[in-house]
1. Rg and Dmax in Å for the range 366-490, alpha carbons only: what are they?
2. Could you list His321, His176 so that the one with the fewest beta carbons within 10 Å of its beta carbon is first and the one with the most is last?
3. Could you line up Cys135, Cys374, Cys302 from fewest to most neighbouring Cβ atoms inside 10 Å?
4. Suppose a student asked you for the relative contact order of the range 38-183, using Cα pairs under 8 Å spaced at least 6 residues apart; what percent would you report?
5. Per residue, how big is the convex hull of the range 1-94 when only Cα atoms are used? Give it in Å³.
6. Name the residues whose placed amide hydrogens come within less than 5 Å of the amide hydrogen of Asp309, ignoring near sequence neighbours (fewer than 5 apart) on the same chain.
7. Pairs Lys76/Lys407; Lys252/Lys437; Lys278/Lys418: which are spaced more than 32 Å apart, C-alpha to C-alpha?
8. Which ordering of Trp322, Trp174 is given by a fewest-first count of other beta-carbon atoms within 10 Å?
Amino acid sequence: MKHNEALLKAEKFQQKMETIAQNDYWRPQYHIAAPANWINDPNGFCFYKGEYHLFYQYHPYSSQWGPMHWGHVASKDLVNWELRPIALAPTDEYDKDGCFSGSAIEKDGNLYLLYTGHVDLDNSNGGNDRIETQCLAVSHDGLCFDKVENNPVIKSLPENLNIKTEHFRDPKVWKHGDWYYTVVGVQTKEESGQVVVYKSQDLINWEFLNIMATSSVKENLGFMWECPNFAEVNGHEALILSPQGVKPEGNKFLNVHQSGYFLGKMDYQTGIFHRDSKFDLLDYGFDFYAPQIMQDEKNNRCLMIAWLDMWESNMPEQENHWAGMMSIPRVLEVKNNMIYSKPAEELSKLHKSKVHYEQVIEEATSFEGVNGDCYQLDVDFDLKNAQGFVLKLRVSATEETVISYDKDTKIFKLNRDKSGRGVNGEREVAIEPIGEKINLQIFSDRSSLEIFINDGQRVLSSRIYPSKEAKGIVFIPNGSMNTNIDFYQI
Ligand code: FRU
């Protein structure tokens, strides 16, 4: 089928499912989700012709993962996103089983999408189960995308490397000087993660530059590095990765796959990224994967959006013909040799009303007007005279999502054992109070929570599936606690 026809067919099918999907209570009210059916990774996050664009891995024919298309939304302000026509469909020999993840860049007024063409192979007699190559599509208006004739533009990896050639995906392109560079995720023959880097002057002809970063099996950094990003963050450089298969270390790395980063320095002569920090997570919650950054040159900041879900997790929304959503846009900042992520300031446009309280509390307390399912809750807990706190969100007679902190252990916990349908478990992270305070900024949507701690030093994100009655918020001090609350309905 021709690309145009495949796109139209997918659009039509998607529209059939829209009404059911959009009437579902769990549909996000201010996060990006597809009109219906399955989404995963954010792709092609960029600014083009006065708008932010975000594409996403999309299966328009069901709420399960399937042959990947690219869905598309655009926004002038990162807050109000408009649906655009589906951008890519897997119609060509080189991408027939999926237009996998990739990125976008503007060149000479046109918008280019660099993505992975995925082809499944029958490997019942041994051998590779897939071919992955890097492919290009171009648009003159940011609406319609044509695949270029030269596809695949990166056909294979050099042969003399210690790389398993079939896993070769998720190109993230950027410009440095006169050259375009792209990182691509690969796997070594011993099955550890690696990133390669290519360079090009025209986005069509690519030259292999080097293995940009690598890991050994001994390091517990997973068996494959998906979705690499090279990021410039307030004068620092970082390599952001989504390693598959990092094993749990105590209470860390409990998700199936992880997303995190190394700080370091890119040497453009050799193509080597010299890491100078340990791998750290970008989010300590249950649901956060495949983040993609964009350098927002207009505002001199590095933005990040991630898939607010996790592979192999329960997604009860699938029975209502949709699956998956994006995180809110976050702004990255390097401080104290680590990456902080904060909600983009534009999100304050979502505020409908505000209540403020400052009060010393000594027992379980709910505040009038501080409840709901779509809100931003900013709170400072002063622990001078308190040992810690418990904060219960999305509370009904039988449900609650529980956050807690203890001053002695310095452990912050998020528990979703009673959060509603389909999910459970606990995640935790060590938090140093600022002075004697813990500061939280919490974004709640119908089926998600994103919790930013101490100015974005740590973040925990989670999908939850409470009933629509679950709107209570209860503050429980362990001691006498000054509590300073700004609560915004969204
Ligand atoms: C990450 C990922 C990518 C791949 C895409 C397929 O979540 O596995 O590596 O390109 O999803 O949908």
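Bear in mind these aren't lab numbers, they're just calculated from the coordinates by the rules spelled out. Predicted, not measured: the structure shown is a model, and the values here were computed from it. Backbone-built Cβ (ideal geometry, glycine too); neighbour counts: all protein chains shown.
1. Both quantities, over Cα of the range 366-490: 13.4, 38 Å.
2. Fewest-to-most ranking of His321, His176: His176, His321.
3. Starting with the residue having the fewest Cβ neighbours, the order is Cys374, Cys302, Cys135.
4. Reported relative contact order: 17 percent.
5. With only Cα atoms used, the range 1-94 gives 102 Å³ per residue.
6. Phe288, Tyr289
7. Over 32 Å apart, Cα to Cα: Lys76/Lys407; Lys278/Lys418.
8. Trp174, Trp322
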